[in-house]
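The values are calculated or read from the model by the stated rules, or taken from the named source; none is laboratory data. Predicted, not measured: the structure shown is a model, and the values here were computed from it. Cβ: placed from backbone, ideal geometry, glycine included. Neighbour counts: every protein chain shown. To get the accessible areas, we keep the full protein, side chains included, count just its heavy atoms, and leave off ligands, DNA and RNA. Shrake-Rupley method; radii C 1.70, N 1.55, O 1.52, S 1.80 Å.
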Amino acid sequence: MFRQKAGWRGLSLQTRLCWAGFLFVLPALLHLIAFKFYPMVEAFRLSFYTYDLMSPPVFHGLENYRAVWNNPLFHQSFWVSVKYMFGVSIPEWFLALALALLLNRRMPGRPLIRLAYFFPIAMSQIVVALVWKFMYNPLGVVNTVLGSVGVGRINWLATEETALPALILIGIWRGIPLFGVIYLAGLQSIPKEYHEAATIDGAGPWQSFIHVTIPLLMPTILFVMVMSLLSAMKVFLNPLVMTEGGPNGTTRVLPYFIYETAFAYHRMGEAAAASMVLFAFAFALTLIQLRLLRRGGVE
Amino acid sequence: MSRKALMSWGGRLVTLLTIAGIGLTLLPYFWMLSSSLKTGSEVFELPIRWLPREPQWSNYPDALSRGAFGVYFFNSTLVALAVMAGNLLFCSLAGYGLAKFRFPYRELSFRAILSTLMLPLEIVLVPTFLVVRGLGLVNNYGGLIVPLAVDAFGIFLMRQYIKDLPDSLIEAARLDGCSEHGIFWRIILPNCTPALGALALLTFRDAVIAMIPTAIIFLFFQRAFVRGIALSGLKE
């Protein structure tokens, strides 16, 4: 079928397909090697050196890891991150699903209603951070609204007890539509016949939800769980723009701690060591979730 | 009241709640819009003014003339478009390669690609800067575009979508003598527009100015957008 010629055309179909597939993936792979894997390996190497960006790096063994471990700010920051991650993602899992269920119902004007919920996904993160910073201002909208129900004026972002919850609220508010779209897509891929069959068998809406929707939605649910935790772990811009990690470090999440160590104190090696700890944490967390996922019978 | 009538009233109530919820979602944006037409003191006035007394339309020309707004606008648009184009091209290429071909270490490559999703950008800021500098991309558009031109999420999305396209489509084109890159451009790309649309929206989102066009595109293509995500099926 194929003319035997030298070069590309001369190869067997199988070999050619092998090469073709590899060549399709190659540009993306090279890019990730240059901008993700190589920097990662560099960061790992750097975590064993003392480096201040000016003088050449000096090998220091595990000194950076010891310094990070003995730094009380790192421990504080780790727990801030954990609180933020779960504080944001657990409400997201449920509220995003609730939103998707609401938007999956038949109702007049559904395309417009969906648009109103989903288009904020397209909003720039910086704009979101600035708008909320304005709203949390002591003279801002949040206090005014709460003042009308008798709550006193609070400087939300400058009070230790309220700064982190204030940031968590923004995270949730921003995450619901994003994960709502993903849930909605999952809901739409469940064939209608399944629910019809359940109804014929006498299942009410609640039973049908528990025994049909949830099991069939499991892959989506677990995807949302992993992605929401990882994206909450990566939060950086909001603390940077709104609180600069304050007051008293109560909003200094780990990525902000790393940024500060590297670019405010010029301790590159220590920042790299902290990065490695964060990466290991993310990796372990994802692994646990994937394990649970497999046990849940979803692959 | 009969059970049926009760159900339909319940349904209407839920619809009303759904519509009311829009208020919570959009309130911050509404407030931003209304503040953009207020005087400085009106913004913090008590009791709260939801609408400006007299719209200060001059705020807009004032803001636009402060700094080199035109340049910033141009920069944002250019960078956002280039990043989007890079993602559309490279993620669909890689997604196609991973979905429809067999080659050594394919699964390993795919897992390695997915693992980069766990990496906060800030973590590798310094080494990334060194790479950018090594490529001579400091202080030009390339430095903003190239590091973001491929994203693992996009590759994942495209792979899942292309996986569901029938193999027979590709084999028929191959039998007709279509070259491998010809198959990609003429068969694969035209058949995955919903996924490409979803990817375009998600990668374009960090350009502020993109908001209104994005809203319009979403209104018209939301079926395709949601389907794009649905079909790329989070099923493995």
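From the helices alone, meaning DSSP H stretches of at least four residues, give me the mean residue ellipticity at 222 nm for chain A, per-run term -39500 (n - 2.57), in deg cm²/dmol to the nearest 500. Can you show the working numbers first?
Working: 13 runs with 197 residues, N = 299.
Value at 222 nm, helices only: -21500 deg cm²/dmol.
The accessible area of B:Asp151, taken with all protein chains in place and a 1.4 Å probe, comes to roughly 60 Å².
Once the piece of chain linking B:Arg111 and B:Val14 is laid out straight, how much longer is it, given 0.36 nm per residue of separation minus the C-alpha distance between them?
Numbers: separation 97, 0.36 × 97 = 34.92 nm, distance 4.23 nm.
Contour length minus the Cα-Cα distance gives 30.7 nm.
Could you calculate the contour length gain from B:Glu42 to B:Leu137, that is, 0.36 nm times the residue separation minus the distance between their Cα atoms, to one decimal place in nm? Walk me through the intermediate numbers first.
Values: separation 95, 0.36 × 95 = 34.20 nm, distance 4.48 nm.
That pair, B:Glu42 and B:Leu137, stretches by 29.7 nm at full extension.
If you sort the three axes of the alpha carbon gyration tensor as a ≥ b ≥ c, you get a/c of 1.5 or more for the stretch A:1-134 and a/b no higher than b/c, which makes it oblate. Mean per-residue shielding of peptide B:85-93 is 3, counting Cβ atoms of other chains within 10 Å of each Cβ. Among residues other than A:Leu102 with Cβ under 11 Å from its Cβ, the summed charge is +3 (Lys and Arg +1, Asp and Glu -1). Counting Lys and Arg as +1 and Asp and Glu as -1 over every other residue whose Cβ lies under 15 Å from the Cβ of B:Pro28, the net charge comes to +2.
Using every pair of distinct Cα positions in the protein assembly as shown, the Kirkwood expression returns a hydrodynamic radius of 25.9 angstrom.
Between A:Arg291 and A:Val127, the simple spin-label model (points 7 angstrom out along Cα→Cβ) gives 4.3 nm.
Enumerate by residue number the chymotrypsin sites (Phe, Trp or Tyr not before Pro) in the stretch B:93-157 meeting two conditions: DSSP loop (anything except H, G, I, E, B), and at most 15 other Cβ atoms within 10 Å of the site's Cβ.
Details: sites: B:Tyr96, B:Phe101, B:Tyr105, B:Phe110, B:Phe129, B:Tyr141, B:Phe153, B:Phe156; in loops: B:Phe101, B:Tyr105.
Here the chymotrypsin sites (Phe, Trp or Tyr not before Pro) that fit, given the DSSP loop and packing criteria, are B:Tyr105.
Only protein heavy atoms count here; under a 1.4 Å probe, A:His31 has an accessible surface of about 20 Å².
Roughly how crowded by other chains is peptide A:275-283, in terms of the mean Cβ count from those chains within 10 Å of each of its Cβ atoms? Don't skip to the answer; put the middle values down first.
On the way: counts 8, 1, 0, 5, 6, 0, 1, 6, 2.
Per residue, the average neighbour count from other chains is 3.
Legend: mean number of C-beta atoms from other chains within 10 angstrom of residue C-beta atoms, peptide B:14-27, equals 5.
Could you order B:Arg53, A:Arg105 so the one with the most accessible surface comes first? Probe is 1.4 Å. If you can, show how the numbers build up before the last one.
Working: B:Arg53 145, A:Arg105 65 Å².
Result of the area sort, largest leading: B:Arg53, A:Arg105.
Local charge sum around B:Leu117 (other residues, Cβ-Cβ under 14 Å, Lys/Arg +1, Asp/Glu -1)?
On the way: positive: A:Lys36, A:Lys234, B:Arg111, B:Arg159; negative: B:Asp151.
Here the count lands on +3.
Loop sites by DSSP among the chymotrypsin sites (Phe, Trp or Tyr not before Pro) of chain A, restricted to those with at most 15 other Cβ atoms within 10 angstrom, leave A:3-264 as the longest stretch without any of them.
So, R0 is 30 Å and r is the distance between the beta-carbons of A:Asn248 and A:Asn137; what FRET efficiency does that work out to, to 0.05?
Details: r = 20 Å, r/R0 = 0.66.
Rounded to the nearest 0.05, the efficiency is 0.90.
When all protein chains stay in place and ligands, DNA and RNA are ignored, the 1.4 Å accessible-area order of A:His266, B:His181, largest first, is B:His181, A:His266.
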